[in-house]
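Participant: Here you go, one structure.
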Amino acid sequence: MTSATELDRGRAAYVDRQWTEAVARFADADRSEALAADDMMRLSTSATMVGDVVAGTDFLTRAHEKYLASGDLRGAVRAASWLGLQFQNSGDRAQSAGWFARAQRLVEEDPDDDYLPGMPLIGAALVTMYGSGDATGALALFERAAQIGARFDDPDLLALGRLGYGQASVILGDVTTGLRALDEAMVSVTAGEVSPIPSGIIYCAVIGTCHLAFDVRRAYEWTLALDHWCDTQPDLVNFSGQCQAHRAALFLLHGAWAEALEAAETAQDLFRRGDRAAGFGAFYQQGEVLRRRGEFDAAELCFREAGRSGWDPQPGLALLQLARGNVAQAQSQIQRAADSADPATRRQLLPAMAEIMLAAADVAGARAAADEFAAIAEQNPMPLLLATAAQTDGAVLVAERRPSDALGRLRGAVLLWRELEAPYEEGECRMLMGRACRALGDDDSTVIEFDTARSIFAELGAKPALAELDALARAHQEDARGPLTAREIEVLRLVSAGLTNRQVAERLYLSEKTVARHLSNIFTKLDLPSRAAATAYAYEHQLVS
């Protein structure tokens, strides 16, 4: 078979997204006759899509050299910029900086070509946003890149510029503008205007940013689109693991924990096969399921594996420490993470911070976190944000001994959680409502809320939440009966039913003297003057029916 035939087959496989076939055919053609730069770029893309990032990088380097040799400065700058992005993504800062410097030097060789700075601007913007923490500076760089993409009809550059502009806007708190830019980037992807690797980057980055913005509806819709995109490429590895991690996050929210674990495990398999960017989400989401199920040791292993990706596994790890009773450690972890986080990530941490501060008896700190989060929800009134803000505020109001105010906030949160189909969060909210009702002396409503929460947690298999709920229920029962012993309650019930001391003694197989002593203790403990007052107390506290 001639190299020309192999090359034609490689190009056809590339167009059809048959990446494994494309790699084989291009590689065969390359062995027979050196590939041109554009075909070497196609080979690099194909290898990257099947998860062989090392080979993809080698082929991309060769493509860069071929562009240089042929005098194609635009191609050389584009390839150098992509090499910088790939090394940046893998955490190799030295090589990333080197390739970005190479791209910039080439741009300077032809200062009259206004197109050349486009792709290097994407790299500079990412370094500015994530390396220097300057989202405002990055915003301007991404906008310039998008303008160059639009001017020169480069859909990849335009879409990447709009993606970065949207992410920077969300980080800066302008969620509406950010999401609009992300939607625009996604439209160009779903329309098939953008090449394969930028398409995968944009899909995964947009969904991740939607989660950061608490826009679960958008995250769900774009995850479905990513699912479809992955399904059209059966041998795809890169980006498919990230898709599974995003699916796991949605399953977790909707209480489908078995499905969340399955998706997380699939993501881990794809991570090991080459989708390195899937590592954090694959292990973090599994850790979250295991934490809620009470499998703490396994959850910790997952969170630590997620941390190896370079991202801080918070708030999951801090909440795990809280569940283990290590309150001081949980407080230290969440505070450190929040203090060093960018604004968008900090928003994700605030509800957990409030919960941990309450456990540490720092009600003022919890109030500050709840108020900061409430202000964010007010500016961006999306259901998930509003539900989380209401529940967080309700929890703090309970601690502030304002149960009536807490109930109003928590009832609103329950309605939103039900609308979002988020059972675990609804169960947590019901448990808080039970505590508020208990503080108000509404025993019937307390029992109803606790029972509702119990049924939700039992169905999910949320053992730590069930244990917490059982402790609250026991405390409520003890409050209802007051300081009396179990035997004293039995005596009080019979006395309240009109039995004499002798009849009580016969019923309980005690002496009259013992019954009299129990009754005296009841009067003393409850500061009651008579049998009639004791009877009234028993009915008031529902000790008798």
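The values are calculated or read from the model by the stated rules, or taken from the named source; none is laboratory data. This is a predicted model, so every value here is computed, not measured. Neighbour counts run over all protein chains shown; Cβ positions are idealised from the backbone, glycine included. Side chains are part of the model used for accessible areas, which takes the heavy atoms of the whole protein and leaves out ligands, DNA and RNA. Shrake-Rupley method; radii C 1.70, N 1.55, O 1.52, S 1.80 Å.
Participant: In degrees between 0 and 90, to the nearest 10, how far off the longest principal axis of the chain does helix 512-526 point, with axes built from Cα atoms?
Facilitator: So the inclination is approximately 50 degrees.
Participant: Kindly provide the Kirkwood hydrodynamic radius of region 414-545 in Å, to one decimal, from all pairs of distinct alpha carbon atoms.
Facilitator: The Cα-based Kirkwood calculation yields 16.7 Å.
Participant: Explain nothing, just the number: dipole magnitude of region 325-390 about its Cα centre with +1 on each Lys and Arg Cβ and -1 on each Asp and Glu Cβ, in debye rounded to the nearest 20.
Facilitator: 100
Participant: If I stretch the segment between E262 and A150 completely, what's the gain in nm (0.36 nm per residue apart, minus their alpha carbon distance), one decimal?
Facilitator: Contour length minus the Cα-Cα distance gives 36.2 nm.
Participant: Assign one of three labels to region 115-244, namely rounded, prolate or oblate, based on the Cα gyration tensor with a ≥ b ≥ c the square roots of its eigenvalues; rounded applies when a/c is under 1.5, prolate when it is not and a/b is larger than b/c, and oblate otherwise.
Facilitator: It is oblate, given that a/c is not under 1.5 and a/b is not larger than b/c.
Participant: With every protein chain kept in the model, how would you rank R347, R247 by accessible area, 1.4 Å probe, largest at the top?
Facilitator: R247, R347
Participant: Using a 1.4 Å probe on the protein heavy atoms, what percent of the accessible area of region 62-104 belongs to carbon and sulfur?
Facilitator: Carbon-and-sulfur percentage of accessible area, whole number: 49.
Participant: A follow-up question, please. From the mean inverse distance of alpha carbon pairs (Kirkwood) and the Cα radius of gyration, derive Rg over Rh for region 270-355.
Facilitator: My calculation of the ratio gives 0.98.
Participant: Would you mind working out the magnitude of the charge dipole of the chain relative to its Cα centre, with +1 at each Lys and Arg C-beta and -1 at each Asp and Glu C-beta, to the nearest 20 Debye?
Facilitator: About 2140 debye.
Participant: About the Cα centre of region 443-545, how large is the charge dipole given +1 on each Lys and Arg Cβ and -1 on each Asp and Glu Cβ? Please answer in debye to the nearest 20.
Facilitator: 640
Participant: First measure r as the distance between the Cβ atoms of S530 and Q379, then evaluate 1/(1 + (r/R0)^6) with R0 = 45 Å and state the FRET efficiency to the nearest 0.05.
Facilitator: 0.15
Participant: I'd like to check one number: the per residue accessible area of the chain, probe 1.4 Å, reported in Å² as a whole number.
Facilitator: 45
Participant: Next up: How would region 361-466 be classified by its alpha-carbon gyration tensor: rounded, prolate or oblate, with rounded meaning a/c under 1.5 and the a/b versus b/c comparison settling the rest?
Facilitator: The shape class here is oblate.
Participant: Can you give the net charge of the other residues whose Cβ lies under 13 Å from the Cβ of S70, counting K and R as +1 and D and E as -1?
Facilitator: Residues close to S70 contribute a combined charge of -1.
Participant: Still on this structure, I have one more. So what's the back-of-envelope 222 nm ellipticity for the chain, counting only DSSP H runs of four-plus at -39500 (n - 2.57) apiece and dividing by all residues, rounded to 500?
Facilitator: -26000 deg cm²/dmol
Participant: Counting only protein heavy atoms, what percent of the accessible surface of region 327-440 is carbon or sulfur at a 1.4 Å probe?
Facilitator: Exposed carbon and sulfur together represent 50 percent of the surface.
Participant: Cα-Cα pairs above 19 Å in region 1-128: how many percent?
Facilitator: 50
Participant: Could you tell me what a quarter of the Cα convex hull surface of region 260-412 works out to, in nm² with one decimal place?
Facilitator: Value for region 260-412: 9.5 nm².
Participant: In nm, give the distance between the simple-model label positions of A497 and D38, each being 7 Å from the Cα along the Cα-to-Cβ direction.
Facilitator: 9.5
Participant: Work out, in µm²/s and without decimals, the Stokes-Einstein translational diffusion coefficient of region 311-395 at 10 °C, 1.306 mPa s, Rh from Kirkwood over C-alpha pairs.
Facilitator: Value of D from the Cα-based Kirkwood radius: 125 µm²/s.
Participant: With an 8 Å cut-off on Cα pairs and a minimum separation of 6 or more residues, tell me the relative contact order of the chain in percent.
Facilitator: 7 percent.
Participant: Specify the longest stretch of the chain that does not include any exposed loop site, a site being one of the chymotrypsin sites (Phe, Trp or Tyr not before Pro) with a non-H, G, I, E, B DSSP assignment and at most 13 other Cβ atoms within 10 Å.
Facilitator: Excluding the exposed sites themselves, the longest stretch runs over 1-310.
Participant: May I ask you to evaluate 6.51 cos²θ - 1.76 cosθ + 1.60, the Karplus curve with θ = phi - 60°, for each residue of region 127-134 and list the ³J(HN,Hα) values in order in whole Hz, giving x for glycine and proline?
Facilitator: 5, 5, 6, 9, x, 9, x, 9
Participant: If you average the sequence gap of Cα pairs under 8 Å that are 6 or more apart and divide by the length of region 147-211, what percent do you get for the contact order?
Facilitator: Reported as a whole number, the value is 33 percent.
Participant: Sticking with this structure for a sec: Say each of E109 and T61 gets a label point 7 Å from the Cα, pointing the same way as Cα to Cβ; how far apart are those two points in nm?
Facilitator: Result: 1.9 nm between the two label points.
Participant: May I ask you to list the lysines whose Cα is less than 20 Å away from that of K525, ignoring any residue fewer than eight positions away on the same chain?
Facilitator: Result set, ordered by chain and number: K513.
Participant: Starting from the Kirkwood radius over alpha-carbon pairs of region 68-133, derive D by Stokes-Einstein at 20 °C in a medium of 1.002 mPa s and give it in µm² s⁻¹.
Facilitator: It comes out at roughly 182 µm²/s.
Participant: Right, another one. Would you rank K66, K463 by solvent-accessible area, highest first, keeping every protein chain in place and using a 1.4 Å probe?
Facilitator: Per-residue accessible area, sorted high to low, gives K463, K66.
Participant: Stokes-Einstein diffusion coefficient for region 26-72 at 25 °C in a medium of 0.890 mPa s, Rh from the Kirkwood formula over Cα pairs: what value in µm²/s?
Facilitator: 235
Participant: Hey, what angle do you get for helix 93-109 against the long axis of the chain, alpha-carbon based, 0 to 90 degrees rounded to 10?
Facilitator: Between helix and principal axis, roughly 40 degrees.
Participant: Rounded, prolate or oblate: which fits the chain, taking a ≥ b ≥ c as square roots of the Cα gyration tensor eigenvalues, rounded meaning a/c under 1.5, else prolate when a/b beats b/c?
Facilitator: The shape class here is prolate.
Participant: Using the charge dipole of region 242-331 (Lys, Arg: +1 at Cβ; Asp, Glu: -1 at Cβ; taken about the Cα centre), state which of A328, Q286, A245 has its Cα farthest towards the positive end.
Facilitator: Going by the charge dipole, the pick is A328.
Participant: How far, in nm, would the chain grow between R411 and K513 when pulled straight, counting 0.36 nm per residue and subtracting the alpha carbon separation?
Facilitator: Full extension from R411 to K513 adds 31.6 nm.
Participant: Can you pull the one-decimal nm distance between simple spin-label points at A359 and A94, each 7 Å off the Cα toward Cβ?
Facilitator: Computed distance between label sites A359 and A94 equals 4.1 nm.
Participant: Over 22 Å, how big is the tail of the calculated P(r) for region 78-192, in percent of all Cα pairs?
Facilitator: Roughly 31 percent, once rounded to a whole number.
Participant: Let me ask something else. Remind me, what semi-axes does region 131-190 give for its equivalent ellipsoid, largest first in whole Å, using sqrt of 5 times each Cα gyration tensor eigenvalue?
Facilitator: Gyration-tensor ellipsoid for region 131-190: 19, 14, 8 Å.
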